[in-house]
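Here the structure comes first, spelled out in structure tokens, and everything after it is commentary.
The values are calculated or read from the model by the stated rules, or taken from the named source; none is laboratory data. Quick caveat: nothing in here was measured; it's all calculated off a predicted structure. Ideal geometry is used to build each Cβ from the backbone, glycine not excepted, and the neighbour counts take in all protein chains shown.
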Amino acid sequence: FVAWGGIHGIFLLFGRFTLGLRDKMKHSVLSIFRLEKEHGPAPLMSMIESAWSIAVTFHLAAFAWVFFRAESFSGAASIITHVFTWSRGDVTLGFTPMEFILMISTVPCLVVLDCIQEKRGGRHPFTQQRPPARWALYYFVILCIVFFGVFGQSKFIYFNF
């Protein structure tokens, strides 16, 4: 846990210390490609910058979570060194084919919903629907949980930590 917190602290300090340099680099790139308008960067560049920031933050946090979950530093090192290796084993990552297809097909739906929500100023698109449409969605989610959920005796997930 200490290593996990320390890594997040290092990332935070690095981000704070390199903020000025990153701003200079951004403005250099914008001026080289003539993407900067009079009142700031073009909308496309802002979207690319946001996507880049989200991707970098996600990957740095995922890297740090390895240390939270691993039982030792050697275990964390093993996970990190093997994360980019690929064997000809199970492509579905341990899921059944139906679960894998369902998982892969719902990700684009969530991305679309997130984009719609952001364009509407943070309001969820379903809150503006009429009650029958909302309740149909609620029942659909409940049925998905019932049919695809994992039920039975199992330890609480955080007992593993």
Flagged in region 53-89 as hydrophobic (A, V, I, L, M, F, W, C), loosely packed, with under 11 Cβ neighbours inside 10 Å and either in contact with a helix residue (DSSP H, G or I) (Cβ under 9 Å, 6 or more places away or on another chain) or at pLDDT 80 or above (or both), in numbering order, are I54, A55, F58, A62, F73, V83
Index of the failed condition, L143 passing every other in (1) surrounded by 10 or more Cβ atoms within 10 Å (Cβ to Cβ); (2) at pLDDT below 85:
(2)
Given the conditions (1) loosely packed, with under 10 Cβ neighbours inside 10 Å; (2) at pLDDT 85 or above, and given that R34 satisfies all but one, which numbered condition is not satisfied?
(2)
Kindly evaluate T106 against the criterion of being part of a helix (DSSP H, G or I), of a type in the set (V, I, T) and modelled with pLDDT under 80.
no
When every residue in region 5-31 that is at pLDDT 70 or above and among the small types (G, A, S) is compared, the one farthest from F67 (Cα to Cα) is S28
